[in-house]
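I'd like to ask you about the structure that follows.
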There are 4 protein chains.
Amino acid sequence: MTRKRIPVAILGATGAVGQRMVQLLENHPWFEIVVLTGSDRTIGRPYGELVRWILDTPIPERVANMVVQPTEEVADVAIALSALPTDVARAMEPRWAERTAVCSNASAYRAVADVPLIIPEVNPDQLALLERQRAQRGWKGCLVTNPNCATISAVMPLKPLHDAFGLQTAHISTLQAVSGAGYPGVASLDIIDNIIPNIADGGEEAKIEAEPRKLLGNVADGQVVEAQIAISAQVTRVPIIDGHTALIAASFAQKPSPEEALAVLEAFMPPEIVRHLPSSPERALIVHCNGDRPQPRRDRDAGRGMSASVGRVRACPVLDLRMVALSHNTIRGAAGGAILNAELLVASGIVS
Amino acid sequence: MTRKRIPVAILGATGAVGQRMVQLLENHPWFEIVVLTGSDRTIGRPYGELVRWILDTPIPERVANMVVQPTEEVADVAIALSALPTDVARAMEPRWAERTAVCSNASAYRAVADVPLIIPEVNPDQLALLERQRAQRGWKGCLVTNPNCATISAVMPLKPLHDAFGLQTAHISTLQAVSGAGYPGVASLDIIDNIIPNIADGGEEAKIEAEPRKLLGNVADGQVVEAQIAISAQVTRVPIIDGHTALIAASFAQKPSPEEALAVLEAFMPPEIVRHLPSSPERALIVHCNGDRPQPRRDRDAGRGMSASVGRVRACPVLDLRMVALSHNTIRGAAGGAILNAELLVASGIVS
Amino acid sequence: MTRKRIPVAILGATGAVGQRMVQLLENHPWFEIVVLTGSDRTIGRPYGELVRWILDTPIPERVANMVVQPTEEVADVAIALSALPTDVARAMEPRWAERTAVCSNASAYRAVADVPLIIPEVNPDQLALLERQRAQRGWKGCLVTNPNCATISAVMPLKPLHDAFGLQTAHISTLQAVSGAGYPGVASLDIIDNIIPNIADGGEEAKIEAEPRKLLGNVADGQVVEAQIAISAQVTRVPIIDGHTALIAASFAQKPSPEEALAVLEAFMPPEIVRHLPSSPERALIVHCNGDRPQPRRDRDAGRGMSASVGRVRACPVLDLRMVALSHNTIRGAAGGAILNAELLVASGIVS
Amino acid sequence: MTRKRIPVAILGATGAVGQRMVQLLENHPWFEIVVLTGSDRTIGRPYGELVRWILDTPIPERVANMVVQPTEEVADVAIALSALPTDVARAMEPRWAERTAVCSNASAYRAVADVPLIIPEVNPDQLALLERQRAQRGWKGCLVTNPNCATISAVMPLKPLHDAFGLQTAHISTLQAVSGAGYPGVASLDIIDNIIPNIADGGEEAKIEAEPRKLLGNVADGQVVEAQIAISAQVTRVPIIDGHTALIAASFAQKPSPEEALAVLEAFMPPEIVRHLPSSPERALIVHCNGDRPQPRRDRDAGRGMSASVGRVRACPVLDLRMVALSHNTIRGAAGGAILNAELLVASGIVS
């Protein structure tokens, strides 16, 4: 892997998630940004001049000087990381997928049958869909998606519990950071000293209720058989910058004690192929025993924003178990998730 | 009621809840503060000099000049509003109750069999316990309590639903304001840009899981028969000043449709005796149809902080119904709740 | 004044300041809203349906049902309160002023020679400009402006000091609330856990440096002779909802001691004509002796948002005096300021 | 320097600054923590068990297992970094200085004539005081201090300007983060949606007005001749976690144009001995040309929290120049400042 780095395009590079992709790929051992795409307003101008950079590290100088290209022009790159808005993603990602491997953070194709929805630590086996995807669609490239930023906070701890005990129902209440809405996103007049008990008019909840079924499903004959889990999601926007918290209550086919659940969570180990990817954190899932953790400001950056955290694992008077889960929504839950998927494509030999 | 006003003592007048009591009783048509008690540090000094006043209206001048007395010395007042810390409440409230009607916001006696736990709009009938309380304990006064500040956010909408459909189980996830922790309470270093997923090391959740059973119980033969409801509470502290939000999912003996539930919520009317109390809001329960309400900053002050709000009433994929409830934690959920109980005692003829 | 109320239009009624005007005019003893204007997007629709209402009291029902009209069509009203954006104000206010008395919060005409820039407590005498304004422009109506929301925080305490001691130079550092930027205004991603040390690319500072010279000037021969004061402004945006704080250091022709300055501030009394206007607060200027006041959350609502506050009056090692000033930026500094100007026009007999 | 690391004690290791020292010394190339001291409550217990850790990286495991010792018992270490409270510092630092080099963040001895007050980039020459300090006091060790956390934000850019143009007067208005008050420090009820326009009842301002005179003074005959600068400070506490902002207006003996000032700021280079210290940032002073920087959240972590930032350098209508300065208050302004002083002692050969 010390050879020439793999050329990568970032689609929709000027938004909040696109910026995170730029930030995370600085000094990436495998990938090199060679194309940035943007909307009409931005085309033909140097990225550093037009972007309203909102992160707390400077724009990498090399990238700042790159000229933004139209998303409509498919470039000759091995991988395209997509931070496109949903509607643009719907139109453009298939065009890029004809020639290149698209790792998308957009929701447009997450639910489509032949499109893998992947968290590498959870279900890398959904890559098996790609054979059919390419055959059916005649693509030389492919399209892989990562889940919603709040879904991932919940699914990371639910995965090992599902494997061990058979998840049946889950209540998921979320407290989501403002960065999840992009930039400019949530008005400060709406959120300082306030909570908004809805996101995207129910749309966010629909994703959190649907995506875990695909993520925790089984792959058979090149198809995903969704897990039969009933999920109820209630979301809120809260006045914090980064980090989505999920309060989870869940029931299982085989009811575990809190101690059994903790043992399973602490023993969680991602599949071998995932462990040594460049963006894989040392610990995929950090289990907190301190009774007031995880907390967004203190835990979101664990594993450079790629570790998920879980704490307060205890019995539930109504269902079986309760816990508090957290992950960084724009790193683990968006830009970093898409990059990890791209790394998985490389490690799997699908992209070379 | 235009006669001489009823003399009232505030026990523990210097803390956050005590200050709210002072604020809310300014210009009260029935009550007049004649005694303020405090801890050793404060005794013998004028209230206005020693109190670290944290509210956004000035200290009423008459009260500012009052000299703080020891809580140990029971004063000759008709009503004592207690904002004492739990342990002090445990020791002192019975001594005051020997002679005076104590309306307590403390948790010390909420669960005791002969002590009413009352939200006037919900269960004024628990006043029936007082006869036995006085007989058993030989008190000329009495002791009445109001519930935890987060409990009330949830119980206000659950009451009419329970009456109509028979509440069986409830998941309650809360987002609680920092004022709920008193003053100085939560350190800013702990809560700016952060969430703390626990309060009082599980103690807050224990109250929210237990108190609704007593509040929604039946009184028979001078005793409360608790409602058989299984409740699961998961609490968080969030960076807002006032207003506790509760995300509720609930199941019922007779499953209502969201429309049926909404009709019941909108038709809710407190008992006749409660409607015209001085601190009763015009609308006890405000039902929001706008999909992103209630919000703490925009709804906590409804009805001068005494109205409860509920919104997003909809079906639940796991239980039957979901909704978002909100009330002002230091007014409706604490100081105002205790005052409303005191007004109920007067209107019921128990205090005169 | 118990006669029929004066018909009023609100120009630009859907923005943050327009909403405050609607809120403040509910139950106004003199004025009645009869026209609301808005941009193309809003015309012909009921106000309550289209407005993104951001305040914490409900939209007055009567106003909610009013249909929004185009700002281009001048209506037959006695008074037009303008909350228009600068460029629209520049085009539309003169058209309305041909027939009606325009009280504008916009900055477009504040610096124009024949347009009064008025804080009623400070310089009601600038109404004298109107005679010339009407004569020169052939208007039957007139145009009166109120200053920038941060200017007023500083000028309220500087006025009596200027009268007594002759203000010569002032350093003004401001900490301004997000509501000053309108809605949606400042992105939460830019301001939570952050400060922005600039507003409008220096434009805000230019206003704060210029407007006090006109406000504290003298009227002679129907013209304003500006006060010769050198002002340096450094502004910041801070993560609070309402209330602009100004840290002021000032020098005077006759150097006052802090005690002399305090005496003058405490003795400040608005002109007789202003004291009994409906929106005049009981105390125009509240002088704090407590060393950590004024504070935005605790003092912005004094006098229903119309009182200005000042504190920490003390000597300055470089100039003569220092102090901290505060006022509510969308009430006293915008909507309430425009309404108070309208009331002044009525009390002065200019509008009837 | 690859030899055995220098043994270091942290005095007052459990507070907010002590924790930062622990954090910053993890993997330090020269220093190794061998002693932690604390108050009575903490003695004899493992640091990891008793500390209320408030930072967003985990406690280094080796340190977590160290047993806390009484500050009264002077340990055999080469360097003691002091994060003691002022009064304890006053009593204990001289005792440690008898045997060891004390680098103190406390204010107790900053103003004392034979105690260096040092920012290494600004005035390493004050180390020359140590000869006299040791001779007079009979110490084998020594005592060196770093300035107040807000002072340093202002002095970093003022140093090169003073050298070039001769600073005469300065107005400094600060917006200070809550971490500057230690833990628990500022109550969230006091600061969410609020500003407090005072710190330590004027004490913070006294430091900011006095310390720059010593920092920018000259050393002659083993004594500091203070710079004759008149400084006016007005401080505020604002609702942000880390990063102190200073709005500065200044006059100079030779009035510079903004362009000349910018050129001097950009050319600033610390003394040679400082540039290669382990904690020296690549750029001691970052000059921003973007009109809305520096911002605390986006710039405080520059140079791992050790770079100072300055922006908005422009002319002032009252004095000569204005600018906005920022630095991280608990790293550059406290723990990191003390560590950098310790590194300077090593590089200067005073500690070996």
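So which helices (runs of 4 or more DSSP H) stay within the stretch C:1-102 end to end and still have 3 or more residues that are surrounded by fewer than 20 Cβ atoms within 10 Å (Cβ to Cβ)? Show your work before the answer.
Values: elements: C:16-25, C:47-50, C:61-64, C:86-97.
Once the helices (runs of 4 or more DSSP H) in the stretch C:1-102 are filtered for at least 3 residues that are surrounded by fewer than 20 Cβ atoms within 10 Å (Cβ to Cβ), what remains is C:47-50, C:61-64, C:86-97.
If you scan the stretch A:297-326, which residues turn out to be touching an Asp or Glu at 6+ places or on another chain (Cβ under 7 Å), closer than 15 Å to A:T245 by Cβ and at the interface with chain B (Cβ under 10 Å from one of its Cβ atoms)?
A:R297, A:R298, A:R300, A:L326
Let me ask another. Filter the stretch C:177-208 for residues that are charged (D, E, K, R), touching a helix residue (DSSP H, G or I) at 6+ places or on another chain (Cβ under 8 Å) and more than 8 Å from chain A (Cβ to nearest Cβ) and give the result. Give the derivation first.
Pass one, the stretch C:177-208, residues charged (D, E, K, R): C:190, C:193, C:201, C:204-205, C:207.
The next check asks that each one be touching a helix residue (DSSP H, G or I) at 6+ places or on another chain (Cβ under 8 Å); those that pass are C:190, C:193, C:204, C:207.
Within the stretch C:177-208, C:E204, C:K207 qualify.
Given the options B:E209, B:E282, B:E259, name the one that is charged (D, E, K, R) and over 20 Å from the mean Cα position of the chain (by Cα). Steps first, please.
Details: B:E209 fails: over 20 Å from the mean Cα position of the chain (by Cα); B:E282 fails: over 20 Å from the mean Cα position of the chain (by Cα).
Residue meeting the stated conditions: B:E259.
Here is a follow-up. Conditions: (1) at the interface with another protein chain (Cβ under 9 Å from one of its Cβ atoms); (2) among the small types (G, A, S); (3) buried (at least 21 other Cβ atoms within 10 Å of the Cβ). D:A338 meets all but one. Number of the miss?
With (1) at the interface with another protein chain (Cβ under 9 Å from one of its Cβ atoms); (2) among the small types (G, A, S); (3) buried (at least 21 other Cβ atoms within 10 Å of the Cβ) applied to D:A338, the lone miss is (1).
Same structure again: Please determine, by comparing only the residues of the stretch B:157-176 that are buried (at least 23 other Cβ atoms within 10 Å of the Cβ) and at the interface with another protein chain (Cβ under 10 Å from one of its Cβ atoms), which one is farthest from B:L215 (Cα to Cα).
Restricting to residues being buried (at least 23 other Cβ atoms within 10 Å of the Cβ) and at the interface with another protein chain (Cβ under 10 Å from one of its Cβ atoms), the top hit is B:L175.
Something else about it: When you go through D:N329, D:N290 one by one, which is the residue that is touching a residue at least 12 places away in the same chain (Cβ under 8 Å) and in contact with a Cys (Cβ under 7 Å, 6 or more places away or on another chain)?
Answer to the check: D:N329.
What number of residues in the stretch C:285-296 are more than 12 Å from chain D (Cβ to nearest Cβ) and either in contact with a helix residue (DSSP H, G or I) (Cβ under 7 Å, 6 or more places away or on another chain) or within 30 Å of D:S251 (Cβ to Cβ) (or both)?
3
Can you work out which of the residues in the stretch A:300-312 that are out of contact with any Cys (no Cβ under 9 Å at 6 or more places or on another chain) and under 18 Å from B:I199 (Cα atoms) is surrounded by the most Cβ atoms within 10 Å (Cβ to Cβ)? Don't jump to the end; show me each part of the working.
Going residue by residue through the stretch A:300-312, those that are out of contact with any Cys (no Cβ under 9 Å at 6 or more places or on another chain) are A:300-310, A:312.
Okay, now just the ones that are also under 18 Å from B:I199 (Cα atoms), so A:310, A:312.
Numbers: A:V310: 31, A:R312: 23.
Step by step, filter the stretch A:300-312, then rank; the result is A:V310.
Looking only at residues that are in contact (Cβ under 8 Å) with a residue 12 or more places away in the chain and among the aliphatic types (A, V, I, L, M) in the stretch A:207-225, which one is farthest from B:R300 (Cα to Cα)?
Applying the filter and picking the extreme gives A:V219.
Identify the residue in the stretch A:209-228 that is of a type outside the set (G, A, S) and assigned to a loop (DSSP other than H, G, I, E, B) and, among all such residues, is nearest to the other protein chains (Cβ to nearest Cβ). Spell out the reasoning first.
Restricting attention to the stretch A:209-228, the residues satisfying the condition of being of a type outside the set (G, A, S) are A:209, A:211-216, A:218-219, A:221, A:223-226, A:228.
Okay, now just the ones that are also assigned to a loop (DSSP other than H, G, I, E, B), so A:216, A:221, A:226, A:228.
Numbers: A:L216: 16, A:D221: 28, A:E226: 14, A:Q228: 12 Å.
Checked the stretch A:209-228; the qualifying residue nearest to the other protein chains (Cβ to nearest Cβ) is A:Q228.
Among the residues of the stretch B:231-252, how many are touching a helix residue (DSSP H, G or I) at 6+ places or on another chain (Cβ under 8 Å) and more than 7 Å from every other protein chain (Cβ to nearest Cβ)?
Count: 10.
For B:G291, work out the one condition from (1) crowded, with 18+ Cβ neighbours inside 10 Å; (2) within 27 Å of B:A177 (Cα to Cα) it doesn't fulfil.
Going through (1) crowded, with 18+ Cβ neighbours inside 10 Å; (2) within 27 Å of B:A177 (Cα to Cα) one by one, B:G291 breaks only (1).
Hey, does the stretch C:157-167 have a residue that's assigned to a loop (DSSP other than H, G, I, E, B) and of a type in the set (A, V, I, L, M, F, W, C)? Steps first, answer last, please.
From the stretch C:157-167, those assigned to a loop (DSSP other than H, G, I, E, B) are C:166; that's our starting set.
Going one step further and asking which of them are of a type in the set (A, V, I, L, M, F, W, C), we end up with none.
Among the residues of the stretch C:157-167, not one is assigned to a loop (DSSP other than H, G, I, E, B) and of a type in the set (A, V, I, L, M, F, W, C), which makes the answer no.
Each value in this text was obtained by applying a stated rule to the coordinates, not by laboratory testing. All of these numbers come straight from a predicted model, not from anything done at the bench. Every residue, glycine as well, gets a Cβ built from its backbone with ideal geometry; the counts of neighbours run over all protein chains shown.
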